[in-house]
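Here is the structure we will look at, set down as structure tokens.
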Amino acid sequence: MMDIKGIYALGSDLYIKTDSFFGKIASELAFKKVLNIDKKMSAFRDDSEVCNINKNAGHREVSVSEETYYVIKRAKEFNKISSRFDITIRPLVELWSKKLKENKIPDINDIEKAKSLVNSDDLVINNNAIYLNRKEQMIDLGAIAKGFATDISKDILKALNIKNALLDFGGNLYTLGKNKSDYWQIGIQNPFLNTGEIIGIIKSTDESIVTSGINERFTKIGDKKFHHIIDKQTGFPVENGIMSVTVIDSSSLDADALSTTILLEGLEEGIKIVRELKKQAIIITKEKEIFITKSLLNRFSNTIDFQIYEI
Ligand code: ADP
Ligand code: MG
């Protein structure tokens, strides 16, 4: 029997599946670390480093821990790959989440104002200090922090000599070792159906599998669904024909940031990025097409007859 331990952090339910008593102890230590990461990087906690950066926008730079600095530095790198991936998106994210909670769509004036605050070039990083150039600018590590936390947790398990485990951090997976001498079998979510319904299975070991989808977290107003990944050019939840993107990579941080980036960029640009960076990905479109990189196709077995295209 596998033991499953779970906590709530970084806006998600997080689980670690292990096959031993020591695995359980190690998972507890990993979760302790994740709670510490949440404490530093959450945009919701008043006392987090991220909130401190946001509160001091246009005022002064804020010294942060090495970990927060690293995650922000990596986020800036992804912004160079695609300017649509922008952690200064927070004013728009906050506006949408506030309005959607009231079952409303934000006013266009409010969207324009929030949009004008989003610009990663105003996020200055230097020597473990972070500064936002303008008042009311805010950052949000929601698209990357879970990946970082997954990597660190996996490192903790490995350092404690845990050979086999499955980390499931709310859509961010890591397959450590094997599942009872066999590969881990990871179901890829069918973005058209409820959680748990899949389009196929990937055999996996020692890698991270991260999915970003527009059908994961959303609010319905009338017939329309509004999700949480925002296009800073329109100021609206991104809509470009992609339903979901799965990225498979040795680094969960990279897979997390990239899956969101590809989703933001759309099919054509997304495929370009996958090819240029030589990454592994599965993109599912609204037309029920599956675009998948060659090496993944070799270990993917589909359970549904969507049209498959090789990237
Ligand atoms: P999830 O957190 O549901 O697994 P993602 O990894 O795709 O999904 O991250 C979505 C989160 O990223 C949002 O909740 C928000 O905090 C943040 N975000 C939204 N739009 C952007 C954007 N354009 N660039 C960077 N981060 C974004
Ligand atoms: Mg992401």
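Helices of the chain meeting both criteria, an alpha-carbon length of 18 angstrom or more along the long axis and an average Kyte-Doolittle score not below 1.6, with helices taken as full DSSP H segments, do not occur. When only Cα pairs below 8 angstrom with a gap of at least 6 residues are kept, region 121-236 shows a relative contact order of 14 percent.
Counted over all Cα-Cα pairs of region 44-132, pairs farther apart than 18 Å make up 49 percent. The distance linking region 1-59 with region 275-311 is 31 Å (Cα centroid to Cα centroid, whole angstrom). Net charge near residue 38, counting Lys/Arg +1 and Asp/Glu -1 over other residues with Cβ under 12 Å of its Cβ? Computed value for this residue: +3. Here is the P(r) of region 103-188: all C-alpha pair distances, binned every 5 Å from 0, give 3, 10, 14, 13, 12, 10, 10, 10, 8, 6, 2, 0 in whole percents. Taking 17 Å as the straight-line reach from the Cα of residue 178, the lysines in range (excluding those fewer than 8 positions away in the same chain) are 17, 24, 154, 158, 163, 203.
Just to check, using Stokes-Einstein with a Kirkwood Rh over alpha carbon pairs, what's the diffusion coefficient of the chain at 4 °C and 1.567 mPa s in µm²/s? Write down the numbers at each step before the final one.
Numbers: Rh = 20.0 Å.
Translational diffusion coefficient: 65 µm²/s.
What is the pair-distance distribution P(r) of region 82-153, computed from all Cα-Cα distances in 5 Å bins starting at 0, with each bin given as a whole percent? The calculated distribution, bin by bin, is 3, 15, 20, 21, 19, 11, 7, 3, 0.
If you average over every viewing direction, what projected area does the convex hull of the Cα atoms of region 1-155 give, in nm²? Provide the component values of the computation, followed by the final result.
Working: hull surface 42.8 nm².
Reported value for the Cα convex hull: 10.7 nm².
The convex hull around the C-alpha trace of region 27-82, projected and averaged over every direction, spans 5.0 square nanometres.
Among 297, 241, 14, pick out the residue whose Cα is farthest towards the positive end of the charge dipole of the chain, where Lys and Arg carry +1 and Asp and Glu carry -1 on C-beta, about the Cα centre. The residue sitting most towards the positive pole is 14.
Positive contributions from Lys and Arg (+1) and negative ones from Asp and Glu (-1), summed over other residues with Cβ under 13 Å from the Cβ of residue 133, come out at -1.
For the chain, give the magnitude of the charge dipole about the Cα centre (Cβ charges: +1 Lys/Arg, -1 Asp/Glu; no others), in debye to the nearest 20. Dipole about the Cα centre, nearest 20: 340 debye.
Relative contact order of region 44-132: 40 percent, from C-alpha pairs under 8 Å at least 6 residues apart in sequence. Of the three principal axes defined by the Cα atoms of region 183-310, the extents in descending order read 42, 30, 24 Å. As a length-normalised measure over Cα pairs under 8 Å and 6 or more apart, the relative contact order of region 183-310 settles at 24 percent.
Every read-out reported here was derived from the displayed coordinates using simple, explicitly stated rules and does not represent laboratory data. Note that the structure is predicted; figures quoted are calculated from it, not measured. Heads up, the Cβs are rebuilt from the backbone with ideal geometry, glycines too, and the neighbour counts pull from every protein chain shown.
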